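First up is the structure itself, then whatever we jot down about it.
The values are calculated or read from the model by the stated rules, or taken from the named source; none is laboratory data. For clarity, every value in this text was computed on a predicted model and none was experimentally measured. Here the Cβ positions follow ideal geometry from the backbone for every residue, glycine too, while neighbour counts run over all protein chains shown.
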Amino acid sequence: MPKGFGSTPKMRRLFPNFREVERDYYRRTQIHPIMHIVVIRKKVYERHPWIAKSLYEAFEQSKALAWQELSYTGAQKVMLPWLYADLSEIQEIFGDDPWPYGIARNCTTITTCIKYMKRQYMIDREPRIEELFVDVA
């Protein structure tokens with residue numbers, strides 16, 4: 001969130017009902033915006049191709065551990081009053097993984113992003129996914 005968010009009426013959410021809007025968008029498109037992309041310099045990858053799969057597996061393990069910790073019901077790990085209800089809703093909407101890793105599980109999101117970038121003149125052509133990513137899944 002921007003630092004001044006909530007402290008001035010000039011800065012507000014575009015959609016006050018953002019959760020409903022985001023839920024509806026995901027149900028219609030199966031697109032949930034990607035939070036981060038891990039980048040490895042081409043020279044590094046070419047010298048050490050094992051690094052891509054190792055990073056992928058490390059991030060998968062880290063994410064699984066984080067979800068396991070967050071979902072632990074013995075004693076809440078964070079002070080969020082509706083945490084377990086929110087986790088149930090997330091699972092209902094997204095299934096087991098709201099932040100899937102890998103090309104195959106993000107193909108719709110990636111190709112849609114590429115199309116929007118081309119349409120908005122951010123790129124001059126639509127590259128194939130294989131040109132942009134190494135498949136390690």
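Return yes or no: is L87 surrounded by 13 or more Cβ atoms within 10 Å (Cβ to Cβ), in contact with a helix residue (DSSP H, G or I) (Cβ under 9 Å, 6 or more places away or on another chain) and on the phi < 0 side of the Ramachandran plot?
Working: surrounded by 13 or more Cβ atoms within 10 Å (Cβ to Cβ): yes; in contact with a helix residue (DSSP H, G or I) (Cβ under 9 Å, 6 or more places away or on another chain): yes; on the phi < 0 side of the Ramachandran plot: yes.
Judged against the criteria, L87 is a match.
So how many residues does the stretch 90-107 have that are among the β-branched types (V, I, T) and either closer than 30 Å to T73 by Cα or loosely packed, with under 13 Cβ neighbours inside 10 Å (or both)?
2
Is it the case that some residue within the stretch 119-137 is farther than 18 Å from M35 by Cβ and of a type in the set (G, A, S)? Steps first, please.
Step one: list which residues in the stretch 119-137 are farther than 18 Å from M35 by Cβ, which gives 119-131, 134-136.
So of that shortlist, the ones also of a type in the set (G, A, S) come out as none.
The answer is no, given that none of the residues of the stretch 119-137 is farther than 18 Å from M35 by Cβ and of a type in the set (G, A, S).
Tell me which of these V136 doesn't satisfy, since it passes every other one: (1) surrounded by 13 or more Cβ atoms within 10 Å (Cβ to Cβ); (2) part of a helix (DSSP H, G or I).
(2)
Residues are listed down the side, and each one gets a yes or a no for (1) over 20 Å from T112 (Cβ atoms); (2) exposed (fewer than 11 other Cβ atoms within 10 Å of the Cβ); (3) at pLDDT 90 or above; (4) hydrophobic (A, V, I, L, M, F, W, C):
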| residue | (1), (2), (3), (4) |
| --- | --- |
| P2 | yes, yes, no, no |
| F5 | yes, yes, no, yes |
| K10 | yes, yes, no, no |
| D24 | no, no, yes, no |
| I34 | no, no, no, yes |
| R47 | yes, yes, yes, no |
| S54 | yes, no, yes, no |
